[in-house]
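Here's the structure, in structure tokens; my notes come after.
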Amino acid sequence: METKEKSEKFIVPIGPQHPALKEPGHFEFTVDGEVVTGASVRLGYVHRGIEKGAEDRNWTQDIYLVERVCGICSHIHATALALGVEKMAGVTAPARAQAIRSLIGEMERLHSHLLWLGVIAHEGGFDTLFMYSWRDRETVMDLLEQVTGNRVNYSANVLGGVKIDISSAQSDAIRRGVDFLESRTQHYLNIVTQDEVFLARTRGVGTMTKDQALLFGAVGPTARASGLEMDIRVDAPYAAYDQFKVNRVTDTHGDLEGRFIVRVKELFESYRLIREILDHLPEGELTVRVPRKIPAGEVISRVEAPRGELFYFLKSNGGDKPDRMKIRTPSLCNWASVMQLAVGHKLADMPMMLAGIDPCFSCNDRVMTIRRDHSRQTWSWEDLRRYSLEYYR
Amino acid sequence: MQEPTRMQDMEAPLAELTDRFEWRDDNRLDVFITSDRLLPAVEVLFAHHWVYLTAITGFDSPAAEGSEAEGMIELLYHFCSGASILTLRLSLPYSNLVVPSVCHLIPPATLYERELIEMLGVEIPGTTSTDRLLLPDDWPVGVYPMRKTFKGL
């Protein structure tokens, strides 16, 4: 996406290796001295063909596949798919399963927002905050591992419900973890709103008005920091959010400071939700039966991922595989806002502005081509599998 | 910024541009249009403050085997407001895969349009950029991975 012409200007290429954060993307900033006058983006460095791959796998296999769309918000992808498939099949997961989906979803939001806090503190040169927030994040990572067995790709969802239950011991552990994190988060809120040095990097940087947020199609915390009232958990409650109501967190700053405030305050909201869900966890079954073949139809499933609205379009032809699975991840929407807002800012602000939308590059895919000894070979799934078995033998 | 018109009240202003509405759910309305009506339809939506283009879904529906009919690429422009999803829906025959760009009205649509160009081979005159967005630089020209006929390079 381009803004303004690029001819006869000095272009600073950033990426594709680790531009600002440890994921691949390529940006070209046209600069006039220190000031950015144009920006363009090239994605696709981690495009893995998941949408195409989904068409060759059955609905159950796709649950595991979509968890690999994003390593940070894997649970929410599986939730969106499971809810969509259940809707097409005409079944509803039991209340306890829906509550556990929301519970894991909020725990995932905790670790995602804390991860972002660390990353962007690092971009701002505030490595102490980075280390502390990531140390604290281990609390929720450990809890997720305790509950689901995994630190990432929790695999809690199945079609028709969830495969994990929450025991009273786990419930107590989660409460203790949340209490600890809540006290830490209060400290972080003080830092991001009061530390003069840090505010110099965030206040008034990348300011986006409410109308701009709407025009550029921003979603999630990025949009809410500009006062746009959108949160799928509130607008179109899914899983257990109609029972456990969410208070939408918005801010009017519209700049990086606003994005800090919104995400940190959302942590408090997630702590409250987690406690409420644990207090009122419905009793009952964890799964209902979902047929292997899903009736023909089309369904749209929208959920609130940590980065904003996640959109799934699912189409079934009546078989056991999807005919089309379209995924639109929130980061894709937020790129437009960064590229537009970059103009007029100093080049030195770019890393923080890029990281400010909490971008997640693993949105879409490419083929795996391995170059070794100047020769080139394309490995199929079977080749990779054989290689991995040999490797670990 | 004004609140968008309720979706239930959107049938009347769009009636001239379409011959078919389909309610797929309480909160989902599909509006069937032709490609020359896309821009007028988007303008009508804008006039009623439906400005948030959530996504453009494109999918290939090839003709059934042995059928005389031509294969189609279907494009779905999803506009959202709260829980409501209004979809402008159009089918392009393989022989004329051209649709106008909506980028001048909706700047972020460029990413979705570039995806359609690369993945399905839709031609979109007027779009802001046709540079490769997702596929590798050395991907062969004229190979569209989201077509049903694509089974690997």
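Quick note: the coordinates plus some simple rules give every number you see, no bench work behind them. These figures come from a predicted structure and were not determined experimentally. In this analysis, Cβ positions are derived from the backbone assuming ideal geometry, glycine residues included, and neighbour counts consider all displayed protein chains.
Backbone amide hydrogens, once placed in the peptide plane, bring B:Ala55 within less than 5 Å of B:His78, excluding anything fewer than 5 places away on its chain.
Kirkwood hydrodynamic radius computed over region A:80-169 comes to 14.6 Å, based on all pairs of distinct alpha carbons. Each of B:Pro136, B:Thr34, B:Met72 was placed along the dipole of chain B (beta-carbon charges, centred on the mean Cα), and the one lying farthest toward the positive end is B:Pro136.
Summing Cβ point charges (Lys, Arg +1; Asp, Glu -1) relative to the Cα centre of chain B gives a dipole of roughly 200 debye. Taking the charge dipole of region A:181-305 about its Cα centre, with +1 at Lys and Arg Cβ atoms and -1 at Asp and Glu Cβ atoms, the residue from A:Gln212, A:Pro295, A:Asn247 reaching farthest to the positive side is A:Pro295.
The order of the peptides A:210-219, A:41-50 by mean Cβ neighbours within 10 Å, most packed first, is A:210-219, A:41-50. If you bin all the Cα-Cα distances of region A:244-326 at 10 Å, starting from zero, the percentages per bin are 14, 27, 27, 24, 9.
Over 31 Å apart at the Cα level, from the set A:Lys22/A:Lys321; A:Lys265/A:Lys293; A:Lys52/A:Lys210; A:Lys163/A:Lys210; A:Lys265/A:Lys321; A:Lys315/B:Lys151, are A:Lys22/A:Lys321; A:Lys265/A:Lys293; A:Lys52/A:Lys210; A:Lys163/A:Lys210; A:Lys265/A:Lys321. Taking every C-alpha pair closer than 8 Å and separated by at least 6 residues, the mean separation divided by the residue count of chain B gives a relative contact order of 19 percent. For A:Trp379, the residues 5 or more places off, or on other chains, whose built amide H falls under 5 Å of its own are A:Ile370. Counting only DSSP beta bridges whose two residues both lie in the protein assembly as shown, roughly 90 percent are antiparallel.
Inter-chain neighbour count for A:334-341: the average number of beta-carbon atoms from partner chains within 10 Å of each residue's beta-carbon is 2. Computed over chain A, relative contact order equals 25 percent, with contacts defined as Cα pairs under 8 Å that lie 6+ residues apart.
Each part reduced to its alpha carbon centroid, region A:77-118 and region A:213-276 end up 16 Å apart.
For region B:26-149, which semi-axes, largest first and in whole Å, follow from the square roots of 5 times the eigenvalues of its Cα gyration tensor?
Working: eigenvalues 120, 71, 32 Å².
Equivalent ellipsoid of region B:26-149: 25, 19, 13 Å, largest first.
Charges were assigned to the Cβ only: +1 to each Lys and Arg, -1 to each Asp and Glu. The resulting dipole of region A:114-261 about its Cα centre is roughly 180 debye.
Taking amide H as placed 1.01 Å from N in the peptide plane, A:His26 has its amide H under 5 Å from the amide H of A:Arg42, each at least 5 places away in sequence or on another chain. Counting Cα-Cα pairs of region A:102-252 in 10 Å increments starting at 0 gives whole-percent bin shares of 10, 31, 37, 20, 4, 0. To the nearest 10 degrees, how steep is helix B:38-47 against the longest Cα principal axis of chain B, on a 0 to 90 scale? Tilt of helix B:38-47: around 30 degrees.
Would you tell me the mean number of C-beta atoms belonging to other protein chains that fall within 10 Å of each C-beta in A:35-46, as a whole number? Before the final figure, lay out the partial values.
On the way: counts 0, 0, 0, 0, 0, 2, 4, 5, 6, 9, 2, 0.
Across the residues of A:35-46, the mean count of other-chain Cβ atoms within 10 Å is 2.
Just to be sure I follow: if Rg is taken over the C-alpha atoms of chain A and Rh is the Kirkwood radius over the same atoms, what is Rg/Rh? Intermediate results must be reported in sequence, preceding the final value.
Numbers: Rg = 21.4 Å, Rh = 22.0 Å.
My calculation of the ratio gives 0.97.
Take each residue of peptide A:294-306, count the partner chain Cβ atoms within 10 Å of its Cβ, and average: the result is 2.
Dipole magnitude for region A:21-61: about 260 debye, using +1 per Lys or Arg Cβ and -1 per Asp or Glu Cβ, origin at the Cα centre. Ordering A:242-255, B:77-90 by mean Cβ neighbour count within 10 Å, with the highest value first, yields B:77-90, A:242-255. For region A:147-157, the Karplus equation 6.51 cos²θ - 1.76 cosθ + 1.60, evaluated at θ = phi - 60°, returns couplings of 7, 10, x, 9, 7, 10, 6, 5, 6, 7, 7 Hz by residue, with Gly and Pro reported as x. For region A:123-197 versus region B:21-100, the inter-centroid distance based on Cα atoms is 41 Å. Backbone geometry of region A:211-216 corresponds, through the Karplus equation with coefficients 6.51, -1.76 and 1.60 at θ = phi - 60°, to 3J(HN,Hα) couplings of 5, 5, 4, 5, 5, 7 Hz, x marking Gly and Pro. Rounded to the nearest whole Hz, the Karplus-based 3J(HN,Hα) values (6.51 cos²θ - 1.76 cosθ + 1.60, θ = phi - 60°) of region B:124-141 follow the sequence 10, x, x, 6, 4, 8, 10, 4, 4, 10, 10, 6, x, 4, 9, 5, x, 5, with x at glycine and proline.
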